[in-house]
1. Long-range amide H contacts for Arg39: which residues qualify at under 5 Å (H placed 1.01 Å from N, peptide plane, sequence gap of 5 or more or a different chain)?
2. If you count only protein heavy atoms and use a 1.4 Å probe, how large is the accessible surface of Cys79, to the nearest 10 Å²?
3. Quick one: length gained pulling Arg29 to Ser9 fully straight, 0.36 nm per residue minus the C-alpha distance?
4. Which net charge results when you count Lys and Arg as +1 and Asp and Glu as -1 among the other residues whose beta-carbon is under 13 Å from that of Ala82?
Amino acid sequence: MIAQCLYQSDPKNLASMGRQRLACQRAARKLQWGVQKERISETNEPVPLLMRPAVKEILQDAEQHRFDVLLIGNRDSLCCDAADMESFLTVLNSFNIHIFAGGQGSWVEPNGRHYAPLPRLPWQEDDVAEVPQ
C-alpha cells in the first residue's frame, strides 16, 4: 500500500505537527506501507478544506491513482466543519482511497473499516531509537 500523510500546522503549538508526523510514520512503518508524500496544510484562516493547496494536491494525486491510503495526523486539527470534512472524504472515497485519521492516540477510518484497525499509538510514546551524536 502506498500512503500519503496530511498534517495541520499550528503556529501556537509547534510540537503538534511533530507528533502528527511521528504518529503517521509509526503507523505506516508498523503496517509496512510506504509513505509517498507528506503534505502540510498551513492554512490558519477559515479557508474551505477543499480549497487549501495541500488538499488540492492530495485530490490531484488521488484522481491519478498515485496512492491508496491517506493518513491524517490529527483530524481535530484540520480546522474545518463537519460538512467540509465529509466533502473531502466523499471525494477521496470516490477514488477508492482509504482514509485513516488520528486523534488522541487512536485511529479511525470513516464509513467503516476496510483494513484492520491501525495500531493504537500514544502520541507521546516514541519507539524510534535516536542515533547518538
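The values are calculated or read from the model by the stated rules, or taken from the named source; none is laboratory data. It should be emphasised that the depicted structure is a prediction, and the values quoted were computed from it without experimental measurement. No Cβ is skipped: glycine too gets one built from the backbone with ideal geometry, and neighbour counts run over all protein chains shown. Just the protein is used for accessible areas: all its heavy atoms, side chains included, with ligands, DNA and RNA removed. Shrake-Rupley method; radii C 1.70, N 1.55, O 1.52, S 1.80 Å.
1. Residues meeting the criterion, in which the H sits 1.01 Å from N, are Cys5, Leu6, Tyr7.
2. Approximately 90 Å² of Cys79 is accessible to the 1.4 Å probe.
3. Numbers: separation 20, 0.36 × 20 = 7.20 nm, distance 2.25 nm.
Length gained, Arg29 through Ser9: 4.9 nm.
4. Local net charge: -3.
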